[in-house]
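What follows is one structure encoded as structure tokens, with my remarks underneath.
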Amino acid sequence: GQKVFKIEPRPFLNAPKFDPSLADNLDANAKGDIDLYWKDVSGAANYLIRLEKEGDDSGKSEEIRTKDLSMKLKSLKPGKYKAMLYSLDKFSRPSKEGDERVIRVKNTSDIRAPGAFKKVKIKGVIKKNQ
């Protein structure tokens with residue numbers, strides 16, 4: 001007789017929740033740094049923060065992994081970001097849902113370039129000390 005194996009997909013982990021002390025809209029400090037922290041998810045091997053910058057149409061997002069229950073994002077450029085938090089199981093599968101926070105990084109300089117200048121891309125800039 002044949003043996004029949006019933007294979008069930010392993011359930012996905014629960015999504016981690018940002019700590020309730022963190023407001024829905026967060027402001028980074030003047031250097032563009034912000035601390036994020038969240039609640040433990042049982043079974044999570046790692047946590048993943050996906051950072052998307054508003055108005056960035058390249059579709060790129062930054063992904064940062066950590067085993068800790070907190071993370072400091074450093075030197076974010078001015079703008080508005082969406083931070084999405086996922087738990088990863090030992091197979092690096094992310095939780096289906098993610099908790100979200102909006103992070104605002106103020107442009108600390110009072111001098112703003114006229115809009116026309118922002119779109120100019122400068123090519124071939126030589127960086128010193130490389």
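Read-outs: derived from the displayed coordinates by stated rules, not from any lab. A quick note: this is a predicted structure, and the numbers were derived from the prediction, not measured. Quick reminder, even Gly has a Cβ in these numbers, built from the backbone with ideal geometry, and neighbours come from all protein chains shown.
Residues whose amide H falls under 5 Å from that of Asn46, counting only those 5 or more places apart or on a different chain, are Leu88, with hydrogens built in the peptide plane.
How much FRET efficiency would the formula 1/(1 + (r/R0)^6) give for Ser75 and Phe12, where r is the Cβ-Cβ distance and R0 is 30 Å, rounded to 0.05? E(calc), rounded to 0.05, equals 0.35.
Each residue of the stretch 40-45 was assigned a 3J(HN,Hα) from its phi angle through the Karplus curve 6.51 cos²θ - 1.76 cosθ + 1.60 (θ = phi - 60°); the sequence is 5, 10, 5, x, 6, 8 Hz, with glycine and proline shown as x. Amide hydrogen proximity for Ser61: with H placed 1.01 Å from N in the peptide plane, no residue at 5 or more positions away or on another chain lies under 5 Å.
Subtracting the Cα-Cα distance of Lys82 and Asn46 from their residue separation scaled by 0.36 nm leaves 11.0 nm. A simple rule links phi to the HN-Hα coupling: the Karplus curve 6.51 cos²θ - 1.76 cosθ + 1.60 with θ = phi - 60°, which for the stretch 86-102 gives 10, 9, 10, 7, 5, 9, 6, 8, x, 4, 5, 9, x, 7, 10, 9, 9 Hz, with x for Gly and Pro.
Amide H contacts of Lys17: Lys39, each under 5 Å away and 5 or more positions distant or on a separate chain (H built 1.01 Å from N in the peptide plane; Pro and chain starts excluded).
Applying the Karplus relation 6.51 cos²θ - 1.76 cosθ + 1.60 with θ = phi - 60° to the stretch 56-66 yields 3J(HN,Hα) values of 8, 7, 6, x, 6, 9, 8, 10, 10, 9, 8 Hz, where x marks Gly and Pro. May I ask you to derive the FRET efficiency for Asn25 and Lys3 from their Cβ-Cβ distance with R0 = 41 Å, giving the value to the nearest 0.05? FRET efficiency, Asn25 to Lys3: 0.15.
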